[in-house]
Amino acid sequence: MHEKSLELERTEHHFPDLKTFVAKLSEAYSAKWSTRDIPYRRVVAFLIHWEEDDLGVQKEVQSLEEVFRDSYHFDVETWAIPSAKRGIISLMSKIGSILDEYDDEGNLFIFYYGGHACQVEQSEHGN
């Protein structure tokens with residue numbers, strides 16, 4: 001398999017600050033909400049970050065939680081991915097349980113991940 005892995009730079013893929021993110025979110029939310037015939041029955045935001053927060057995103061996640069909860073009155077759940085060896089398994093289990101609880105017709109589910117990511121590019125031949 002011929003793949004290139006590239007660490008995503010925080011500054012390239014994050015809004016410059018929370019205020020900019022909130023402004024863009026409000027703009028998108030207002031535009032879409034006003035065009036719906038039937039409003040969402042429930043909006044749930046699931047915000048996750050690593051327990052070992054080497055990027056310093058925990059404060060960002062907490063601020064975002066406050067915006068979703070206090071400004072938009074969304075249900076919000078924040079969760080730290082365990083840094084233990086089986087952290088990814090815990091994450092998959094948690095996502096499954098969240099979806100089981102909130103996956104209903106008319107619900108909107110927002111998933112936010114604050115942490116490292118990489119972009120994987122496959123070769124032209126898909127190998």
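Every number here is computed from the coordinates shown, using simple stated rules; none is lab data. From a predicted model like this one, the values you see are computed outputs, not experimental measurements. Counting neighbours? That spans all protein chains shown, and the Cβs are built from the backbone with ideal geometry, glycine included.
Observations on the structure shown:
- Cβ-derived FRET efficiency at R0 41 Å, residue 121 paired with residue 77, nearest 0.05: 0.80
- Here the spin labels are modelled as points 7 Å beyond Cα on the Cα-Cβ line, and at residue 42 and residue 90 they lie 2.5 nm apart.
- Amide H to amide H distances under 5 Å link residue 110 with 44, 45, 46, where only residues 5 or more positions off or on other chains count and H is placed in the peptide plane.
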